[in-house]
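S.K.: Below: one structure in structure tokens.
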Amino acid sequence: DSYQDALTIQPFARYILNSLFVAVVAILSQLLTASMGAYAFARLRFPGRDRLFLLYLATMLIPGQVTVIPLFVLVSRMGWVDSYMGLIVPGMFSVFITFMLRQFFLSIPMELEDAAKIDGASYVRTYATIVLPLSKPALATASIFIFIGSWGSFLWPLLIIRTRELRTVPLGLAAFQLQQGPTDI
């Protein structure tokens, strides 16, 4: 009876669908952006590549709480408050996932890419047909990390979401707990 009461008080099915949608889009977008960045940092030769990568890694030292207010101001000026765009776009990039994929890409033998280059493959084709298929274990691991982070995210959705229809599971649980008060055990 308690579960039935909970499902009638709050639309948890909608919250689960919202969380699932946000998590799937976060996985796809982060895998795309992080894998492209990781490939560039691992395989492309350009001046200042290593320094730029160190600078990129240094952004991991900045606590997320420091960036919340500027990010919220930016998202609100773009009119993305209380929208899926506001939930998803700020989380499309991950330094950690880029670093993890770069390290995996460095372990792929360069001879495979050299052979593709001799056959006339461009960087994009090499990335898409050689590096990504060989990286399925790393991409699967990254997907798990991204899913867990996206599914359990509480602070950012709390700041961005105003309406009940866009709530994710953590926000729905918090709203349910506030609405019901202490439970009988």
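S.K.: Out of curiosity, is T141 part of a helix (DSSP H, G or I) and either open to solvent by 40 Å² or more (accessible area, probe 1.4 Å) or modelled with pLDDT under 95 (or both)?
M.R.: When the stated conditions are applied, T141 passes them.
S.K.: Give the stretch 66-93 a look and list any residue that's surrounded by 10 or more Cβ atoms within 10 Å (Cβ to Cβ), of a type in the set (A, V, I, L, M) and assigned to a helix (DSSP H, G or I), or say none.
M.R.: If the condition is that a residue be surrounded by 10 or more Cβ atoms within 10 Å (Cβ to Cβ), of a type in the set (A, V, I, L, M) and assigned to a helix (DSSP H, G or I), then V68, I69, L71, V73, L74, V75, M85, L87, I88, V89 are the ones that fit.
S.K.: Here's something else I'd like to know. Among the residues in the stretch 43-65, are any among the β-branched types (V, I, T) and open to solvent by 60 Å² or more (accessible area, probe 1.4 Å)?
M.R.: Among the residues of the stretch 43-65, at least one is among the β-branched types (V, I, T) and open to solvent by 60 Å² or more (accessible area, probe 1.4 Å), which makes the answer yes.
S.K.: Go through the stretch 144-173 and give me each residue that's farther than 16 Å from S83 by Cβ and either loosely packed, with under 15 Cβ neighbours inside 10 Å or among the basic types (K, R) (or both).
M.R.: I144, I148, G152, F154, L155
S.K.: Does the stretch 1-25 hold any residues that are closer than 24 Å to F145 by Cα and either open to solvent by 10 Å² or more (accessible area, probe 1.4 Å) or not in a helix (DSSP H, G or I) (or both), and which are they?
M.R.: Listed by number, the residues that qualify are F12, A13, R14, I16, L17, L20, F21, V22, V24, V25.
The values are calculated or read from the model by the stated rules, or taken from the named source; none is laboratory data. All figures in this text were calculated on a predicted structure; none of them were measured in a lab. With ideal geometry, Cβ positions are generated from the backbone for all residues, glycine too; neighbour counts draw on all protein chains shown. Just so you know, the surface numbers come from the protein's heavy atoms only, side chains and all, with ligands and any DNA or RNA stripped out. Shrake-Rupley method; radii C 1.70, N 1.55, O 1.52, S 1.80 Å.
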